[in-house]
Amino acid sequence: MDLDLLKEKWAEQDRKLDSSIRLNKQLLMAVNMSHLQSPLRRFSLFTGLGVLLGLIALVMLGGFIHAHWEEPRFALPAVGLHVWVIAYVAASIREITMALQIDYNQPIVSIQKQIESLRALRVRVIRWAFLSGQLVWWTPFLIVALKAFWDVDAYKVLSVPFLIANVAMGVALIPAVIWASRTYGDRMNSSPTVQRFMRELAGYNITAASDFLAILSEFSQEMPN
C-alpha cells in the first residue's frame, strides 16, 4: 500500500477517534451535571420550605401586632420579630435565586465560582441570623409566645428586671462575638476543624454539590481533550 495513503487513512482514523472521545466526554459531563443539580435542588426546596414557614410566621405576627397595637409592651417585641423574619425570608429568597440561576452549561471553573458564592452567602446569612437573633429570639420571642399561646404576661411572671437582663445579655454577646471573630479569625480560618465546621454551616447540600464538582473537575482534567 502507498505510504502516503496509509498515513492519510491513519490520520482519518485518528480524527474519528478524537471526535468519539470528545463526544463521549460531553455525554459523560452532561450526565454528571444532572447529578450535580440534585443537591442544589434539594437545597432550594428546603430553603423554600423555610421561606414558607417564615411567611406563615409573618401572618401570625401581623395578626398579633394588630390585636395588641394599643399595648406597646407586646406590640413592639412582635414588630422586632416581624422585621427579623422579613429580613431572613428575603435573604433565603436570594439564596434560592442564586442556586436556581447557576448555569450548568458553563465551564466547571465558572460553576465552582457560582457555588462558592452561594456557599459564602449562606454562611453570611447564618452568621447574621445568629448575631441579630440574640436580640429577638430571647426576650421578645418569649414575651410574644407567652402572650399569644397562653395569654400570659411575661412582664408579670418573669419580672421586668429579668427581661432587661436577658436583653442586655443578648446585646453584650454581639460585640463579643464580633471581637472574637476579628481577633482570632485568621487563626481559626486556617484550622481544619473550623474549615469543616464552616462547610457544615453552609449546608449539607451545598457542600455535597461542591465536593461532587471538585471530583468532576479532577476527572475532567484527567480525560483527554
*asked:* If each residue of separation counts as 0.36 nm, what is the full-extension length gain between R94 and F149 once their alpha-carbon separation is subtracted?
replied: 16.6 nm
*Subtract the Cα-Cα distance of S159 and L76 from 0.36 nm times their separation in residues, and report this length gain in nm to one decimal.*
28.1 nm
*Residue-by-residue Karplus 3J(HN,Hα) for the stretch 63-76, coefficients 6.51, -1.76, 1.60, Hz, glycine and proline x*: x, 5, 4, 5, 6, 10, 4, 8, 10, x, 5, 9, 5, 5
*Figure the gain on full extension for A172 and S117 (residue separation times 0.36 nm, minus the Cα-Cα span) and round it to one decimal in nm.*
16.7 nm
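No lab work stands behind these numbers, since they all come straight from the coordinates. Computed from a prediction, not measured in an experiment: that's the story for all the values here.
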